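Structure first, commentary second.
Just so it is clear, none of the values below were taken in a lab; they were calculated from the coordinates. As the structure is a computational prediction, the values presented were derived from the model and not from experiment. With ideal geometry, Cβ positions are generated from the backbone for all residues, glycine too; neighbour counts draw on all protein chains shown.
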Amino acid sequence: MKMTFRWFGAKWDSVTLKQIKQIPGMHGVITTLYHTKPGEEWELEDIRAMKKEVEDAGLFVDGIESVNIHDSIKIGSPDRDMYIQNYIRTLEKLGQEGIKMVCYNFMPVFDWTRSDLAKERPDGATVLAYDQNVIDKINPIEMFEQIDENSNGFILPGWEPERMETVKDLFQKYESVTPEILFDNFVYFLNAIMPTCDEYDIDMAVHIDDPAWSVFGLPRIVTSKETILKLMEAVPNKHNGVTLCTGSLSSNPANDIPDIIRSLEGRIHFAHVRNTKYTAPGVFEEAAHYAADGSLDMYAIMEALVDIGFEGPVRPDHGRTIWDEVSMPGYGLYDRALGSQYLLGLYDAIKRQK
């Protein structure tokens with residue numbers, strides 16, 4: 001297992017590579033070219049500069065999160081093949097630079113949704129939180145303004161201003177897109193890029209939908225063991241895999257995460273491991289990574305990853321904001337650093353027992 005940290009780049013992140021390097025056991029970062037827009041072809045010079053910056057700090061680029069997919073691909077618009085070709089050329093350049101894993105999602109309009117970016121917990125820490133009752137009262141067209149007001153001045157992934165400027169138009173375009181159509185368009189995309197993934201040995205790791213159900217009437221299709229296995233079977237190439245996100249899967253308590261992990265042996269290319277606390281159906285919040293603070297059996301999750309021989313990148317996901325840190329909500333340094341130590345300790349203990 002390679003412990004990693006998500007890093008958005010020096011211009012965008014409150015956390016520095018120097019700080020990440022000092023976290024014991026840290027192997028590398030999962031990063032991106034944050035200034036690029038969905039559908040754009042990445043420039044080779046930008047990829048090389050990003051890689052050099054990370055390596056100069058003594059770390060590795062263990063993957064990209066994300067090379068975002070243009071909505072024309074998801075919708076199945078006539079211009080989708082142009083955007084797929086841009087995506088393929090970007091993958092070729094990443095492969096040429098030895099970057100072998102891409103985390104991405106296929107969620108319409110919103111990459112992820114929360115009703116509160118700074119819910120205060122009893123200990124004074126703040127966390128990302130979701131309450132379906134609150135979401136049901138929000139006009140999705142106005143949701144960006146609420147997110148932006150509570151972002152501490154940072155641009156949140158999936159909520160970039162240029163994207164949100166077109167949100168009304170996007171909702172209209174998705175009106176006729178059913179879950180079945182979205183799935184077919186997903187398979188079309190995967191079949192188109194798999195030859196390039198084979199050539200450069202690039203693992204594509206789709207992120208679980210977050211939360212794992214329809215939001216604002218938009219279709220969601222990567223939500224459960226059944227839907228994930230359907231996608232794996234539709235495109236059986238080993239490079240078509242999953243970002244196993246414990247928090248996203250656990251947004252639906254019916255998901256048995258250790259069982260899902262074991263059902264995906266060989267197809268999990270990346271893991272986001274975080275703990276969540278549930279208080280009612282459709283109501284959850286982030287928690288400290290250690291098991292007693294949330295609702296997830298973290299030991300069982302790590303044990304399942306060990307049992308399937310998972311050796312890929314793992315990152316501690318969506319930490320609490322603690323010790324008066326000012327950062328991108330969910331992506332501070334301190335609690336995620338603590339979480340990485342907890343997860344590494346679990347992993348090492350389980351490996352010794354095996």
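Across segment 165-225, Cα pairs under 8 Å and at least six residues apart give a relative contact order of 33 percent.
Here the spin labels are modelled as points 7 Å beyond Cα on the Cα-Cβ line, and at Lys52 and Asp307 they lie 4.7 nm apart.
If you sort the three axes of the alpha carbon gyration tensor as a ≥ b ≥ c, you get a/c of 1.5 or more for segment 12-52 and a/b above b/c, which makes it prolate.
Rounded, prolate or oblate: pick one for segment 1-132, where a ≥ b ≥ c are the square roots of the eigenvalues of its C-alpha gyration tensor, a/c under 1.5 means rounded, and failing that, prolate if a/b is larger than b/c, else oblate.
oblate
Relative to the current alpha-carbon distance between Lys238 and Ile88, full extension at 0.36 nm per residue lengthens the span by 52.2 nm. Of all DSSP beta bridges confined to the chain, the antiparallel ones make up roughly 30%. Sequence-distant contacts, meaning Cα pairs under 8 Å at least 6 residues apart, place the relative contact order of the chain at 18 percent.
Counting only DSSP H runs of at least 4 residues, each contributing -39500 (n - 2.57), and dividing by the residue count of the chain, the helix-based mean residue ellipticity at 222 nm comes to -11000 deg cm²/dmol.
For the chain, list the DSSP H helices whose alpha carbon atoms reach 27 Å or more along the long axis and whose average Kyte-Doolittle value is -0.5 or above? Span-like helices here: 179-200, 334-353. Working from label points 7 Å from Cα in the Cα-to-Cβ sense, the His27 to Gln96 distance is 2.7 nm.
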